[in-house]
1. Could you check the stretch 51-64 and list, in sequence order, the residues that are at pLDDT 85 or above and more than 11 Å from L77 (Cα to Cα)?
2. Hey, can you tell me all the residues within the stretch 2-20 that are among the aliphatic types (A, V, I, L, M) and either under 30 Å from L81 (Cα atoms) or at pLDDT 65 or above (or both)?
3. Every residue in the stretch 30-56 that is farther than 18 Å from A83 by Cα and surrounded by fewer than 11 Cβ atoms within 10 Å (Cβ to Cβ), please.
4. Among (1) modelled with pLDDT of 90 or more; (2) more than 22 Å from the chain's Cα centre (by Cα), where does E23 come up short?
5. What are the residues in the stretch 66-81 that are of a type in the set (F, W, Y) and in contact with a helix residue (DSSP H, G or I) (Cβ under 8 Å, 6 or more places away or on another chain), if any?
6. Considering only residues that are basic (K, R) and either in contact with a Phe, Trp or Tyr (Cβ under 6 Å, 6 or more places away or on another chain) or loosely packed, with under 14 Cβ neighbours inside 10 Å (or both), which ones fall in the stretch 66-104?
Amino acid sequence: MPDVFETFAHRVDEVEASGPPIEASRVAKGAGLSLGLMVLAALGFVLGFWTGSQNEPDLAYNHLVWEGIIKIGFAVLCGLLAAAVVLALAALAIGVPWVQRQRGRRR
């Protein structure tokens, strides 16, 4: 059986010179942006879950267990929807200025 590390050693040991090295400031900026988006999504989920728990779907329940499942499911669904809306708005807020900057560089 061939040794995997010996077979692919040239891929690990070689340094790729295909482009300039990534700047640490860009990595930090991207990490901060990702962390900010995660916090925004978490806040959106919590607020959506709270809103969903305050409002009840208008259904007739057969059993107490089904009532709990439906109420929790509705609140979770509202939370996921709110988190998705927050992420979409944040992506627009970040993406539109970036596209405008890219278009400005090409002119």
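The values are calculated or read from the model by the stated rules, or taken from the named source; none is laboratory data. Remember, it's a predicted structure, so these values are computed and weren't measured experimentally. When we count neighbours, we look across all protein chains shown, and the Cβ atoms used for this are built from the backbone with ideal geometry, even at glycine.
1. Within the stretch 51-64, the first condition is being at pLDDT 85 or above, and the residues that meet it are 51-55, 63-64.
If the condition is that a residue be at pLDDT 85 or above and more than 11 Å from L77 (Cα to Cα), then Q54, N55, H63, L64 are the ones that fit.
2. To start, the set of residues in the stretch 2-20 that are among the aliphatic types (A, V, I, L, M) comprises 4, 9, 12, 15, 17.
Matches in the stretch 2-20: V4 only.
3. Restricting attention to the stretch 30-56, the residues satisfying the condition of being farther than 18 Å from A83 by Cα are 30-32, 56.
Selection gives A31, G32.
4. (1)
5. Step one: of the stretch 66-81, the residues of a type in the set (F, W, Y) are 66, 74.
Hit for the stretch 66-81 is F74, nothing else.
6. Across the stretch 66-104, the qualifying residues are R101, R103.
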